Amino acid sequence: MSENCNCGHHHDHEHREERPLNKFEQALSKYRTNISDEEVRNAVKKIIAEKVHENDKLEVKKFLMGSVELTTLKTTDSEESVLAFTEKVNQFDEAYPDLPHVATICVYPCFAKTVSETLEVDGVEIACVSGSFPSSQALIEVKVAETALAIKDGATEIDIVMPVGKFLSGDYEGVADEINELKDVCGEHKMKVILETGCLKTADNIKKASIIAMYAGADYIKTSTGKLEPAATPEAAYVMCQAIKEYYEETGIQIGFKPAGGINSVMDALIYYTIVKEVLGEKWLTNEWLRLGTSRLANMLLSEILGEETKFF
(Lines give C-alpha, C1' and ligand atoms only; values in the text may rest on other atoms or scores of the structure.)
Protein backbone atom coordinates (compact mmCIF):
# COMPACT_ATOMS: atom_id res chain seq x y z
CA MET A 1 0.00 0.00 0.00
CA SER A 2 2.75 2.44 0.86
CA GLU A 3 5.24 1.50 -1.92
CA ASN A 4 3.69 3.55 -4.73
CA CYS A 5 2.78 6.59 -2.65
CA ASN A 6 5.34 9.28 -3.52
CA CYS A 7 4.74 11.95 -0.90
CA GLY A 8 8.19 11.42 0.58
CA HIS A 9 7.19 10.43 4.13
CA HIS A 10 7.75 7.19 6.00
CA HIS A 11 4.60 5.14 6.00
CA ASP A 12 2.53 3.17 8.38
CA HIS A 13 -0.78 3.89 6.67
CA GLU A 14 -2.04 0.42 7.38
CA HIS A 15 -1.73 0.96 11.13
CA ARG A 16 -3.30 4.38 10.93
CA GLU A 17 -6.30 3.08 9.07
CA GLU A 18 -6.88 0.55 11.82
CA ARG A 19 -6.74 3.11 14.63
CA PRO A 20 -7.40 6.83 14.29
CA LEU A 21 -5.46 9.11 16.63
CA ASN A 22 -7.27 9.58 19.94
CA LYS A 23 -8.02 13.14 20.99
CA PHE A 24 -4.87 13.41 23.13
CA GLU A 25 -2.61 12.20 20.37
CA GLN A 26 -4.34 14.75 18.13
CA ALA A 27 -3.74 17.47 20.73
CA LEU A 28 -0.08 16.49 21.15
CA SER A 29 0.43 16.49 17.39
CA LYS A 30 -0.13 20.28 17.37
CA TYR A 31 2.91 20.86 19.61
CA ARG A 32 6.62 20.31 19.31
CA THR A 33 7.29 17.56 21.81
CA ASN A 34 10.50 16.12 20.38
CA ILE A 35 12.81 18.44 22.27
CA SER A 36 16.28 17.42 23.37
CA ASP A 37 17.41 17.80 26.96
CA GLU A 38 20.61 19.43 25.73
CA GLU A 39 18.68 22.11 23.83
CA VAL A 40 16.76 22.90 27.03
CA ARG A 41 19.91 22.97 29.17
CA ASN A 42 21.56 25.42 26.78
CA ALA A 43 18.51 27.71 26.68
CA VAL A 44 18.33 27.77 30.48
CA LYS A 45 22.08 28.44 30.84
CA LYS A 46 21.75 31.39 28.49
CA ILE A 47 18.78 32.87 30.40
CA ILE A 48 20.59 32.46 33.73
CA ALA A 49 23.84 33.96 32.44
CA GLU A 50 22.30 36.90 30.59
CA LYS A 51 19.05 37.81 32.34
CA VAL A 52 18.84 36.85 36.02
CA HIS A 53 21.08 39.69 37.28
CA GLU A 54 18.69 42.33 35.92
CA ASN A 55 15.87 40.92 38.09
CA ASP A 56 17.93 40.87 41.29
CA LYS A 57 16.06 43.90 42.60
CA LEU A 58 14.07 44.83 45.69
CA GLU A 59 10.76 45.19 43.83
CA VAL A 60 11.11 41.71 42.31
CA LYS A 61 11.78 40.22 45.75
CA LYS A 62 8.69 41.96 47.09
CA PHE A 63 6.68 40.59 44.19
CA LEU A 64 8.02 37.08 44.88
CA MET A 65 7.00 37.41 48.53
CA GLY A 66 3.45 37.92 47.30
CA SER A 67 3.67 34.81 45.09
CA VAL A 68 4.76 32.42 47.85
CA GLU A 69 2.48 29.51 48.67
CA LEU A 70 3.43 29.06 52.32
CA THR A 71 3.35 25.31 52.68
CA THR A 72 3.27 22.83 55.54
CA LEU A 73 2.95 19.21 54.46
CA LYS A 74 4.64 17.35 57.29
CA THR A 75 3.76 14.03 58.86
CA THR A 76 3.91 15.86 62.19
CA ASP A 77 1.39 18.60 61.28
CA SER A 78 -1.39 18.95 63.85
CA GLU A 79 -4.37 21.22 64.53
CA GLU A 80 -2.12 23.24 66.85
CA SER A 81 0.81 23.58 64.45
CA VAL A 82 -1.43 24.52 61.50
CA LEU A 83 -3.30 27.04 63.65
CA ALA A 84 0.00 28.66 64.68
CA PHE A 85 1.17 28.58 61.05
CA THR A 86 -2.00 30.40 59.92
CA GLU A 87 -1.74 32.93 62.77
CA LYS A 88 1.72 33.85 61.47
CA VAL A 89 0.10 34.96 58.19
CA ASN A 90 -2.42 37.06 60.14
CA GLN A 91 0.38 38.62 62.21
CA PHE A 92 2.54 39.29 59.15
CA ASP A 93 -0.18 41.46 57.68
CA GLU A 94 -0.15 43.58 60.84
CA ALA A 95 3.65 43.60 61.28
CA TYR A 96 4.50 44.48 57.67
CA PRO A 97 1.53 46.37 56.21
CA ASP A 98 3.71 47.75 53.39
CA LEU A 99 4.75 44.31 52.12
CA PRO A 100 2.58 41.97 50.09
CA HIS A 101 1.20 39.04 52.09
CA VAL A 102 1.81 35.51 50.84
CA ALA A 103 -0.47 34.29 48.04
CA THR A 104 -1.58 31.05 49.64
CA ILE A 105 -1.44 28.75 52.63
CA CYS A 106 -1.06 25.15 51.45
CA VAL A 107 -1.99 22.25 53.77
CA TYR A 108 -3.40 18.73 53.81
CA PRO A 109 -7.21 18.52 53.38
CA CYS A 110 -7.78 17.55 57.01
CA PHE A 111 -6.59 21.05 57.97
CA ALA A 112 -8.69 23.07 55.50
CA LYS A 113 -11.26 23.84 58.19
CA THR A 114 -8.61 24.97 60.68
CA VAL A 115 -7.08 27.37 58.18
CA SER A 116 -10.39 28.70 56.91
CA GLU A 117 -11.59 29.39 60.48
CA THR A 118 -8.30 31.05 61.52
CA LEU A 119 -7.22 33.03 58.46
CA GLU A 120 -8.15 36.70 58.69
CA VAL A 121 -6.24 38.17 55.73
CA ASP A 122 -8.25 38.93 52.61
CA GLY A 123 -6.79 37.67 49.39
CA VAL A 124 -4.83 34.72 50.80
CA GLU A 125 -5.97 31.49 49.13
CA ILE A 126 -6.33 28.19 50.97
CA ALA A 127 -4.82 25.40 48.90
CA CYS A 128 -5.11 21.72 49.75
CA VAL A 129 -3.07 18.90 48.26
CA SER A 130 -5.59 16.26 47.32
CA GLY A 131 -6.11 13.08 45.33
CA SER A 132 -3.85 10.90 47.48
CA PHE A 133 -0.88 13.29 47.53
CA PRO A 134 2.05 12.71 46.95
CA SER A 135 1.78 9.34 45.14
CA SER A 136 -1.62 9.80 43.46
CA GLN A 137 -2.01 6.04 43.95
CA ALA A 138 -5.63 5.64 45.04
CA LEU A 139 -8.99 4.76 43.58
CA ILE A 140 -10.53 7.68 41.71
CA GLU A 141 -13.54 7.53 44.07
CA VAL A 142 -11.19 8.22 47.00
CA LYS A 143 -9.57 11.12 45.15
CA VAL A 144 -12.98 12.60 44.30
CA ALA A 145 -14.18 12.31 47.90
CA GLU A 146 -11.01 13.85 49.33
CA THR A 147 -11.18 16.77 46.90
CA ALA A 148 -14.88 17.42 47.54
CA LEU A 149 -14.34 17.34 51.32
CA ALA A 150 -11.38 19.76 51.10
CA ILE A 151 -13.54 22.24 49.19
CA LYS A 152 -16.46 21.78 51.59
CA ASP A 153 -14.11 22.58 54.49
CA GLY A 154 -12.90 25.83 52.92
CA ALA A 155 -10.17 25.05 50.39
CA THR A 156 -10.24 27.66 47.64
CA GLU A 157 -7.62 25.88 45.49
CA ILE A 158 -6.72 22.22 44.98
CA ASP A 159 -3.33 20.72 44.11
CA ILE A 160 -3.44 17.19 42.68
CA VAL A 161 -0.71 14.89 41.39
CA MET A 162 -1.00 13.59 37.86
CA PRO A 163 -1.16 9.77 37.85
CA VAL A 164 2.48 9.44 36.82
CA GLY A 165 2.46 5.65 36.43
CA LYS A 166 -0.38 5.87 33.94
CA PHE A 167 1.46 8.57 32.02
CA LEU A 168 4.71 6.59 31.85
CA SER A 169 2.86 3.51 30.61
CA GLY A 170 1.35 5.58 27.78
CA ASP A 171 -2.22 5.71 29.10
CA TYR A 172 -2.71 9.39 28.24
CA GLU A 173 -6.44 9.00 28.08
CA GLY A 174 -6.55 7.55 31.60
CA VAL A 175 -4.37 10.42 32.86
CA ALA A 176 -6.63 13.03 31.25
CA ASP A 177 -9.84 11.36 32.46
CA GLU A 178 -8.67 11.49 36.09
CA ILE A 179 -7.58 15.13 35.86
CA ASN A 180 -10.83 16.02 34.14
CA GLU A 181 -12.96 14.26 36.74
CA LEU A 182 -11.20 16.07 39.58
CA LYS A 183 -11.54 19.40 37.78
CA ASP A 184 -15.30 18.73 37.61
CA VAL A 185 -15.28 18.35 41.41
CA CYS A 186 -13.32 21.62 41.78
CA GLY A 187 -15.72 23.55 39.55
CA GLU A 188 -14.82 27.24 39.82
CA HIS A 189 -12.01 26.54 42.27
CA LYS A 190 -8.53 26.64 40.70
CA MET A 191 -6.87 23.26 40.28
CA LYS A 192 -3.11 22.79 40.02
CA VAL A 193 -1.77 19.61 38.46
CA ILE A 194 1.60 18.43 39.78
CA LEU A 195 3.58 16.64 37.07
CA GLU A 196 6.33 15.29 39.39
CA THR A 197 8.89 16.21 36.77
CA GLY A 198 11.70 14.32 38.54
CA CYS A 199 9.92 11.07 37.64
CA LEU A 200 9.28 12.14 34.03
CA LYS A 201 13.03 12.57 33.44
CA THR A 202 13.04 13.93 29.86
CA ALA A 203 12.06 17.28 28.36
CA ASP A 204 9.94 15.37 25.87
CA ASN A 205 7.89 13.71 28.66
CA ILE A 206 7.55 16.96 30.62
CA LYS A 207 6.23 18.75 27.53
CA LYS A 208 3.69 16.01 26.80
CA ALA A 209 2.51 15.81 30.42
CA SER A 210 2.09 19.61 30.52
CA ILE A 211 -0.06 19.61 27.40
CA ILE A 212 -2.23 16.69 28.51
CA ALA A 213 -2.78 18.28 31.94
CA MET A 214 -3.81 21.60 30.38
CA TYR A 215 -6.19 19.99 27.88
CA ALA A 216 -7.71 17.95 30.72
CA GLY A 217 -8.56 21.01 32.83
CA ALA A 218 -5.53 22.18 34.83
CA ASP A 219 -5.66 25.86 35.83
CA TYR A 220 -1.98 25.70 36.81
CA ILE A 221 0.75 23.20 36.15
CA LYS A 222 3.19 22.59 38.98
CA THR A 223 6.59 20.92 38.88
CA SER A 224 6.78 18.69 41.93
CA THR A 225 5.40 17.49 45.23
CA GLY A 226 8.67 18.30 46.99
CA LYS A 227 8.61 14.75 48.37
CA LEU A 228 10.88 13.22 45.70
CA GLU A 229 14.27 14.21 44.31
CA PRO A 230 14.89 15.94 41.99
CA ALA A 231 12.07 18.38 42.67
CA ALA A 232 11.73 21.62 40.68
CA THR A 233 14.56 22.35 38.25
CA PRO A 234 15.05 25.37 35.98
CA GLU A 235 15.06 22.99 32.98
CA ALA A 236 11.66 21.51 33.89
CA ALA A 237 10.33 25.03 34.46
CA TYR A 238 11.56 26.13 31.04
CA VAL A 239 9.83 23.24 29.27
CA MET A 240 6.59 23.78 31.21
CA CYS A 241 6.58 27.50 30.43
CA GLN A 242 7.16 26.75 26.74
CA ALA A 243 4.16 24.40 26.86
CA ILE A 244 2.01 27.06 28.58
CA LYS A 245 3.03 29.60 25.93
CA GLU A 246 2.21 27.29 23.02
CA TYR A 247 -1.08 26.24 24.62
CA TYR A 248 -2.02 29.91 25.07
CA GLU A 249 -1.18 30.63 21.42
CA GLU A 250 -3.22 27.61 20.30
CA THR A 251 -6.29 28.05 22.57
CA GLY A 252 -6.23 31.58 24.02
CA ILE A 253 -6.44 30.06 27.52
CA GLN A 254 -3.96 31.35 30.10
CA ILE A 255 -2.58 28.71 32.48
CA GLY A 256 -0.61 29.46 35.65
CA PHE A 257 2.78 28.05 36.61
CA LYS A 258 4.03 26.86 40.01
CA PRO A 259 7.54 25.61 40.66
CA ALA A 260 7.65 23.74 43.97
CA GLY A 261 10.14 21.66 45.91
CA GLY A 262 13.82 22.43 46.08
CA ILE A 263 13.46 26.24 46.04
CA ASN A 264 16.24 26.72 48.58
CA SER A 265 17.41 30.28 48.03
CA VAL A 266 16.33 33.70 46.83
CA MET A 267 18.52 33.11 43.76
CA ASP A 268 16.51 29.96 42.94
CA ALA A 269 13.33 32.03 43.07
CA LEU A 270 14.87 34.74 40.88
CA ILE A 271 15.83 32.10 38.31
CA TYR A 272 12.22 30.82 38.12
CA TYR A 273 10.91 34.40 37.91
CA THR A 274 13.35 35.13 35.06
CA ILE A 275 12.39 31.99 33.12
CA VAL A 276 8.71 32.96 33.37
CA LYS A 277 9.48 36.52 32.32
CA GLU A 278 11.62 35.46 29.34
CA VAL A 279 9.40 32.64 28.07
CA LEU A 280 5.90 33.83 28.97
CA GLY A 281 6.29 37.59 29.39
CA GLU A 282 4.81 40.26 31.64
CA LYS A 283 1.29 38.89 31.48
CA TRP A 284 2.34 36.03 33.79
CA LEU A 285 4.16 38.23 36.30
CA THR A 286 1.30 38.51 38.78
CA ASN A 287 0.61 36.31 41.77
CA GLU A 288 -2.49 35.07 40.01
CA TRP A 289 -0.36 33.29 37.37
CA LEU A 290 2.97 32.66 39.07
CA ARG A 291 3.20 30.88 42.42
CA LEU A 292 6.16 29.46 44.31
CA GLY A 293 5.54 26.41 46.47
CA THR A 294 7.92 26.56 49.40
CA SER A 295 8.10 26.69 53.16
CA ARG A 296 11.59 28.14 53.58
CA LEU A 297 11.67 30.90 51.00
CA ALA A 298 9.42 33.39 52.82
CA ASN A 299 11.96 34.07 55.60
CA MET A 300 14.81 34.33 53.09
CA LEU A 301 12.96 36.85 50.96
CA LEU A 302 11.94 38.80 54.03
CA SER A 303 15.56 38.90 55.24
CA GLU A 304 16.76 40.27 51.89
CA ILE A 305 13.91 42.81 51.67
CA LEU A 306 14.56 44.08 55.22
CA GLY A 307 18.36 43.84 54.92
CA GLU A 308 18.77 41.71 58.05
CA GLU A 309 18.35 38.07 59.04
CA THR A 310 14.66 37.66 59.87
CA LYS A 311 12.85 34.48 60.92
CA PHE A 312 9.20 35.47 60.96
CA PHE A 313 7.50 32.33 59.67
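The values are calculated or read from the model by the stated rules, or taken from the named source; none is laboratory data. Quantities reported herein were computed from a predicted structural model and do not represent experimental measurements. All Cβ positions, glycine included, derive from the backbone under ideal geometry; neighbour counts span all protein chains shown. With ligands, DNA and RNA removed, areas are computed over all heavy atoms of the protein, side chains included. Shrake-Rupley method; radii C 1.70, N 1.55, O 1.52, S 1.80 Å.
Computed from Cα atoms, the angle from the helix 297-306 axis to the main principal axis of the chain rounds to 60 degrees. To the nearest ten degrees, helix 140-152 and the longest principal axis of the Cα atoms of the chain are 30 degrees apart.
For the range 174-290, what is the accessible area per residue in Å² when the probe is 1.4 Å?
Numbers: 3810 Å² over 117 residues.
Ligands and nucleic acids excluded, the result is 33 Å² per residue.
Listed by chain and number, the aspartates and glutamates whose alpha-carbon sits under 17 Å from that of K23, ignoring those within fewer than 8 places in the same chain, are D171, E173, D177, E178, E181, E250. Note on the chain: with charges restricted to the Cβ of Lys and Arg (+1) and Asp and Glu (-1), its dipole about the Cα centre is near 500 debye. Of S78, S29, the order by accessible heavy-atom surface (1.4 Å probe, DNA, RNA and ligands excluded), from most exposed downward, is S29, S78.
Taking label points 7 Å from Cα along the Cα-to-Cβ direction, L306 and D171 give a separation of 5.0 nm. Relative to the longest principal axis of the Cα atoms of the chain, the long axis of helix 203-216 lies at roughly 80 degrees.
Candidates V102, I151, N264 compared by Cα position along the dipole of the chain: farthest toward the positive end lies N264, with charges placed on Cβ.
Helical runs assigned H by DSSP (4 residues or longer) give the chain a calculated mean residue ellipticity at 222 nm of -15000 deg cm²/dmol, each run adding -39500 (n - 2.57) before division by the residue total.
Net charge dipole, the range 185-236: roughly 40 debye, given to the nearest 20, about the Cα centre with Cβ charges of +1 for Lys and Arg and -1 for Asp and Glu.
In a DSSP loop and with at most 13 other Cβ atoms within 10 Å, there are no GluC sites (Glu not before Pro) in the range 57-104. In this rough spin-label picture, where each label sits 7 Å from Cα along the Cβ direction, the D122-T286 distance is 1.7 nm.
Note on the chain: with neighbouring protein chains present and a 1.4 Å probe, carbon and sulfur make up 49 percent of its accessible heavy-atom surface.
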